Structures are given as C-alpha cells and as structure tokens.
1. Could you please let me know if residue A:396 is touching a helix residue (DSSP H, G or I) at 6+ places or on another chain (Cβ under 6 Å), within 28 Å of residue A:202 (Cβ to Cβ) and in a helix (DSSP H, G or I)?
2. Can you go through A:161, A:204 and tell me which one is away from chain B (no Cβ under 11 Å) and at pLDDT 95 or above?
3. Tally up the residues in the range A:157-167 that are under 22 Å from the mean Cα position of the chain (by Cα) and not in a helix (DSSP H, G or I), please.
4. What do you reckon, is residue B:175 surrounded by fewer than 16 Cβ atoms within 10 Å (Cβ to Cβ) and under 26 Å from residue A:53 (Cβ atoms)?
5. Could you look through the range B:20-36, keep only residues that are in contact with a helix residue (DSSP H, G or I) (Cβ under 8 Å, 6 or more places away or on another chain) and not hydroxyl-bearing (Ser, Thr, Tyr), and pick out the one that is surrounded by the most Cβ atoms within 10 Å (Cβ to Cβ)?
6. I'd like to know if the range A:83-101 contains one or more residues that are out of contact with any Leu (no Cβ under 8 Å at 6 or more places or on another chain), closer than 17 Å to residue A:21 by Cα, surrounded by fewer than 24 Cβ atoms within 10 Å (Cβ to Cβ) and facing chain B (nearest Cβ under 9 Å).
7. In the range A:43-53, what residues are within 13 Å of another protein chain (Cβ to nearest Cβ) and over 14 Å from residue B:177 (Cβ atoms)?
8. Looking only at the range B:291-319, count every residue that is free of Cβ contacts under 8 Å to residues at least 40 places away in the same chain and either within 7 Å of another protein chain (Cβ to nearest Cβ) or assigned to a loop (DSSP other than H, G, I, E, B) (or both) and tell me the total.
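The values are calculated or read from the model by the stated rules, or taken from the named source; none is laboratory data. A quick note: this is a predicted structure, and the numbers were derived from the prediction, not measured. All Cβ positions, glycine included, derive from the backbone under ideal geometry; neighbour counts span all protein chains shown.
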Amino acid sequence: MKNTNKDMKKQINLTIDGIEVGVDEGTTILEAARKLNIHIPTLCYHEDLCVAGNCRVCVVEQEKVKSLPAACAMPVSEGMVIHTNSMKVRLARKHIVELLLSEHHADCTKCYKNGICELQGLASQMLTGDHLFLDLVPDHKYTIDMFNTAIIKDDSRCIRCQRCVRTCEELQAVSALGVAYRGNHMKISTFFEHPLFEVVCTNCGQCVNRCPTGALIERNYIDQVWDAIYDTNKHVVVQTAPAVRIALGEALGMPPGKIVTGRMVAALKRLGFDSVLDTDFTADLTIIEEGNELLSRLKKALLDKDPKVSLPMATSCSPGWIKFIEHTFPEFLGNLSTCKSPQQMFGALVKTYYCQKRKLDAKNVVSVSIMPCTAKKFEANRPEMRSSGYKDVDYVLTTRELGIMIKQAGLDFESLPEEHFDSIMGASTGAAVIFGTTGGVMEAAIRTVYEVVTGREIPFEGLNITPVRGTEGEVREASLKLEKVKPEWSFLEGVELKCVVANGLAHAKKVMQDVKDGKANYHFIEIMACPGGCLGGGGQPIPTNKDIRTKRKQAIYEEDMGMSIRKSHENPEVQLIYKEFLGQPLGHKSHELLHTHYTPRKRY
Amino acid sequence: MSETKLKRVDLIFGEYSNVKYKVLTDTIKRSNDEILDDLLESGLRGRGGAGFPTAMKWRLTSQSPSAEKYVICNADEGEPGTFKDREILTRVPRKVLSGMAICGKVIGAQRGYIYLRGEYKFLLPDLMKEIETYNEHAKSIGLDFPIEVRLGSGAYICGEESALFESMEGNRGEPRNKPPYPTTSGYMGKPTVINNVETFVNVMMIMRLGPVQFKLLGTTDSRGSKVFSVSGDTPIPGIYELELGMPLDRFVDEFGDGDTKAVQVGGASGFCVPRKKFKDTVIGFEGVPTGGSMMLFNSSRSMYNVLHNYLEFFEEESCGQCTPCRVGCQQLRKGIEAVKKGDKKSLYLDQLLKLSESMKLTAKCGLGQSVANSFSSIVYNFKEEMIY
C-alpha cells in the first residue's frame, strides 16, 4: 500500500539554474536542487531535524516573487523558476553570513571547533574578509557554562540556529535546552538559566553532534591524558568502546563505515598508553551479570511469586538513559539492572583485578576510556563510581578527542599496521561488539540466556537474531518462546520472553510511558539514549546523519560476523576472571565491583 | 487651512440597529456564495495593513477540505501609533462579533477567537458581557459558532498571524514558515481566517449597506473608509474615520500644526513621507498603505531620534529566530549611532541601506521584512539629519 501511495505522488516540474527537474509534490527547493547536484549552502538545516528555516543562509531567487524564499522550507510548485546563484542571492547570503559573524565570537584559532566549524566553512566560501558590519559580541555579556563534566556551552559562539533545541526536543524528548527572551536578547538557554549540570540535561551530547559552531562542545581531557602518558610513574591503561572502532576513521579523513580496530590499537600504543584493552571484555561480563540478574528476577517473579520483584528489567549501559530515567521516571529506578555500564565495570576491575595480576599499585594506575559518548564523562564522575577505592575511570575521551590526539602525535592513521589488544581484559566476542548498536545488548543477552536456559544454541542462522535488531526511529518489540528448558529452569518452560528495544530518548520515553500506563507487558527492555545506539553517540565524529549511521551499523555487524567467538559466555578471559577473581555471577565480589545504585532526580 | 475638508465617514462607529444582531440574523439566511460575491464586489481589503482581498481569503479557506476550521479576530494591536482597534472594540463590539460570525458561517468554522492584546485587558469585562449576549443570540438563531477571547502577553510579534497561532497554541510566539498559509493550515494546523478587527466591522457594514453603497467610498484600489489613529505634532490627535485614497497634503492641511515636516504612515513598520512628497502621496493600497497609524512630525523633531526609537523597538520586538531580523536590527541601530558619532563614515549609511534591502528580501516574516520601510524612507529623505 505504502509503495503505491508513493508512486501516486503528484509530479511537479520546475527549473533550477536553467535545468528542468521533476520531483514529487512536497519536495523542498533544497531537496530538488540536491537532486541536480546543485549545492545550496545551509546552516540551521539538519537532515535529522524538522525544518526551522531561521538562519536564511539558503535563500534563493524565485522568478516573479519579490522576496527570496528559504530553499529548505519552501516546497516546490509547478513551473517555478529558481536561481540559486543570482546577484541578489549572493549579496543577501553574504549579508546573512556577515550578520552571523558579527554576533559570533570569531576568535577561531582559540576555538575547539577550529577547522570543522560550519560557520567558518561558510565564511571562507563567501570570502567574508571585509567585515561589513560592526562587532556585536561586546554588547552581550556572555558567560560560558563550564561547570559540567561533559558538555561546555559558550553562548558567545552561538548563532541561534536552534539545532540543539530541536535535537533536545525532537530526538531526545528532554528539552533541557530552549529558547529564552526575544530580539537582541534571544538566546538558547535552560530552565531558569541554570547551568547544564543543574537541569534535566542527560549529557547525551546529541546537541554537540549537531552544533554548527563551537557553542556546544564536549569538555575535553586531552591534556590531562597526555600528562598521564608522559608521567613515567604512571601506568596508563586505556579501554575502547565497541562503537569507536567503526567511527574513528571518520575523524581522520576516512569514509564512514570503515572498521579500524587494528589501526586504532596500533595508534593507541604509539600514543604511549601502557596497555591497550577492550571495553568489549566488560561488555561480555555485563552480559553474564545482567543475564543472570534477569534470570533471577524471572525466577523470583514466576517461581517464588515475589510481588516485590521489579519487572520489566531495563538495561543500564547507556549513561544518558540512566540520567534520563532518574529525572523522568524516578519511580522506575528499581527496574534498571543494577549492573554498571561496561566502562565502569572495566574501571573498577582495572584498579583491582588488573593491578593484582600485573602486580601494580592502583594509585599509580591511570584508567582512560575512549567512548562514543559524552555522557560517559559524567558517569565516570558519579560519586558512586569509586568502588576500587580510587576513581575507577580517571578520564573519558570521545572518539573525536582520540582523533585529535592521533593528529597531534603526527600519526598517519591510514597507513598504520593492524595490531591486537593487549591481554588481560583485552579479549572480545562478537556479542560485545554489537553493544555499539541498538538492539545489540538484547541480542548478546539472548545469545547467552537462551543457551544457559536450554543448553542449546539460539536457533537463528549465523546467531543473527534479526528480530531484535533495532532500527533508528522506531520501537522494536520481539518475543522469544522458551521450550525444552533444562530441568533447573523448568519454571521458564513455555514462557514467552517479551522484549523491547528502543533508541533515542524520545522513544525511550514512549516505552516507559507505556510501561507506566500498564499498556506494555515486557520482561526485558533495552534502551540506548542515542539515535541508532552508541554508534550515533554524542562523542562520535561530526557530521552525523542517518546515512552515516547506517554505514556504521553495517560495519558493526560485519565486525561481529568476523569474530571467532560470538557469545559472551565463551569469552575465555571472562571465564578466567570468574575462576580467578569474581567467583560467580552476582556473587559477593561482583556486587562490590560490578553493580551500582541510582539516584532519583527532579525534573526541575 | 484648506477649504474643502476631508470627508468624514461614520460607517464603523455609526449607530447600531435597534434590533440586536439584526444584520447577522438576516445575513445567515443568505447563501455563502451570495455573501462571498458581495464581499468580492465590495473590493474590501484587509485593514491590518497588508491589504489582502478579504473575499479571496475567505473563499480559499472555505474551499480547504477540513472538518475543523477557525475564525480569528486579530486584536493584537501593537503597531506604534495605532489605537483604533481599542476604540472599535470598546464602542462597537457587536459589529465585530457579527462580522466574525458571518465569516464562521461562510467558511464553515466551529469557533471564533478574539486574540486580544495583553495591554487591553481592561477591555475584557465589557467585551465579555457582549460576547455572552452574542453567544446566546447565536444559539437562538441556530448558529453554532461560539466566540471566545484569548489574551496575548505583550509581544509585538504575536500580531503576525502565524506567531499569533503559535501563541494561542501555548508555544513561543514565533512566525512559521509559509507556505502553508492560514487558509490551509492556521490555528491548530486547521484552515483559519484571521482578519483585523476593523475588517470584520467592514464586512458587517457591507452586509448591511450592500457592496454598491460601500463602493461609493474610496478609490478603485482602496474601497471604503478607514479608521485612522492620528498622533504626533497635531492640535487634534485622535481617531478619525476617513475615506481611503486621500492625498497626504490634504490630510496634513487638516491635521498638521502648520509646520509638519514628515508623516510616518503605517507606524514603525510603515513609510516616512517628507514634506516635499506630501502632494504626490496617496493614502491607500495604490499609494502608501496603512493599518491606521498616522504620526505627524514638525520641524522641532529629529528624524534621527525618530528612527533610532523605531530601531530600538524592532531590536527588542523581533522574535529573534531569523538572522536578518535579529542581527540586522541591531546592526542598523548600532550603525546609525556609529555614523552619528563619527565612528563610521557617512558612506556607511549606503551599506546599511543595502543591508535593510537584504532584510526585506530574506527575513522570515513581515516584521523583519518591513523594518526596511521606515529605515530606508527616513535615511533617504533625511540623510543630513542622520549624519550631522
């Protein structure tokens, strides 16, 4: 049905720069021009967001119309004649970019976004060297919000395109950022203009991914990490998250969707890290702990008929999601798995198990993580994340920051040899790799839980449990019937395990609202705060759009398929750590090091 | 003073009929096409300033397929120098409500709203009383079209129709992208007719007098009469209903103090006409249109100060979303200050004129587009005053 409707869309014929083109009704001038490979500059426009039409950079000339319409917001109409590069258009565009520059604190060489700033790009394209207008920055008394551990907001660089506002509202349903005041005082602000750390912001960093200038950036810890590396008394351990290895290449000039695991390891070793390890190891560990936690909750609910047990159980790997639920659904904190995220499990184990095995004093060990995420920076700074007796993870760097370090070190990334992770805590499985995409934790958990309960491998071709593989922009529900289970799990015989997978906080909100309203009857919920999961995380290379994220996703599944071990419980180092150190899943040591608790927070 | 006085008209504020809502009761017995034909014939154009043909607006909305439609009376009278809607709502609210109800019937709307400027809150008690009377009467004649009041909160931009819808929907008052236009997607995304207070009164009077008599007033392009808010350097400030299409020199003869150097027609977003052009300027859609504001300035006034005041107003009242308006207004204000102080050469005014032209071409809504009107007309005509 859908297809036929689409086919029936009315065709509209128009002329752009002398070229005739036919497009579907409802297409914008911008989209039609792109079809003809005519590049109309844009700024407030972003593929992931609704059209705002407020920067006016994309204005074009339409014959027989007095004003210049914004190409992003103007739908095509029959017989329209458009000029994208007329004298009128060029002057108007130049004026607009000059106006934006006049209210923008353009000390580009001091800016973190120097070289990748979209406004800077436009300025160089338009040759705005003559500074037509007066500098307005001194008229505004700007302050920088740098009180947050994850995100820094500098209003003096803001050009009010509202991409961040739309991101926060449309994709994340958080609305921590909004528009305040009007006219010359109009600015992007928070509830009562509180600093970001005092409002509902989840630190997800999606706004950072979409900010065209340096107004919203991650708080970077590059210099601190260099200092640690150069400090000969310190043993610096680095862990890398699954979604970094399929996106890092983009930060270094490679096309999206390249798997660069080996080169990334080589680069990290050359940067001077003493041990290059893999967050995948604790992703596998998470599956063992979380899988057992789910089974024990199911047992309490189904066998012991304990009314106090919290089901559905929700994943707890995504720190943006954790802060979101703490603010928005604090009554459901008991439903969160108590498992720490893989990053924090790793941090706690580095300063205990790893130190013990390598005979190191934890006080001399610096633990660094490379994450696709800005919220991880906040997570590492949570007061409860010190179960090793030290700060479990000292510094969190985003994929982007690692890219900068590699450039700083003068490494030619593409030509680096492929190297392997160090051991111990460097072994990984395909199940851990897919933590980086929506549906991945669910799939990894099912691969293990099904086998634990039935003694058989999950009956999906190539272990690819496609029904739970989430898609961006939708909530995916799936169910799995447990049959012929092992005798010790007999209470699960015939039980239909109901799962739901959601990515992006707007969808997470929908799922939780359904649970709250009693409309949904799930056992297990996987939530990732960012569109597409960690691969679309707030710390990933800029730009981002659906096309890029799809390529990253394909790379993740490719990486999974290429692994010799695909199930978490078969990770040899995971088996070893239970034997040597942890004892058993959900045991005493696990509780001490691998599990955590949550903090109810207010919405305002 | 001139011997032939301007023709005073008494359509808007004229006597009510003795029978309450008689025109409305009679009109709703007529067919929609008849009513629209009469409106078209009358040549009525919107009285808010932009002058869109009312019959066309109504017809487009009536043709939009939707079960839900709205009629909104724009009473967010915020243009500096305009105060006629306040008077109309105070003295002849019944005519306004009748016009709205006729519109509701023609387009098939279920509900009407008066979006009342926040500063006009004091009008509420009397207005509510009249609305109550109206709602009862509408029910009694079988017209299912109740009217309510929504109060603004003081933002000039909310007089822009799409920002007004946003405000009514509880959102930040920011203009929308157009298209879609209100005729297809207005309040709550439904087809909506939004007209100025005075337009609705005109509709009611056309229904009462018939288009032929209405057309006796005004010119081909500007039919009927208009309520003017006269202020500034005049011995007789106030509200006057005058025939459209009058030459400005006759207006100045009658309302000026003998020393009028300029008239700002249409408020801060309108045009400034200098003395030398009075004779050739017609007040109407064929000449200089106005939403009603006529501000007279005599030679004691500094046009630099006048312009500076307008620019400060726009700088604050811009919603701030689009670049040309938000930053452009600041640049224009700061720019004339710099020229006045000598920080910038007088040639910089040309740069600013080009900028104002770009604002006119690229701003998202009428506010940003119309800043250039007063800016360029004042700077062109009073350049020396800007520099020295």
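1. Here the answer is no, as residue A:396 does not meet what is asked.
2. Being away from chain B (no Cβ under 11 Å) and at pLDDT 95 or above holds for just one of A:161, A:204, which is A:204.
3. 2
4. no
5. Here the residue is B:24.
6. No; the residues of the range A:83-101 include none that is out of contact with any Leu (no Cβ under 8 Å at 6 or more places or on another chain), closer than 17 Å to residue A:21 by Cα, surrounded by fewer than 24 Cβ atoms within 10 Å (Cβ to Cβ) and facing chain B (nearest Cβ under 9 Å).
7. Once the filter is applied, which keeps residues that are within 13 Å of another protein chain (Cβ to nearest Cβ) and over 14 Å from residue B:177 (Cβ atoms), the range A:43-53 yields only A:43.
8. Total satisfying the criteria: 2.
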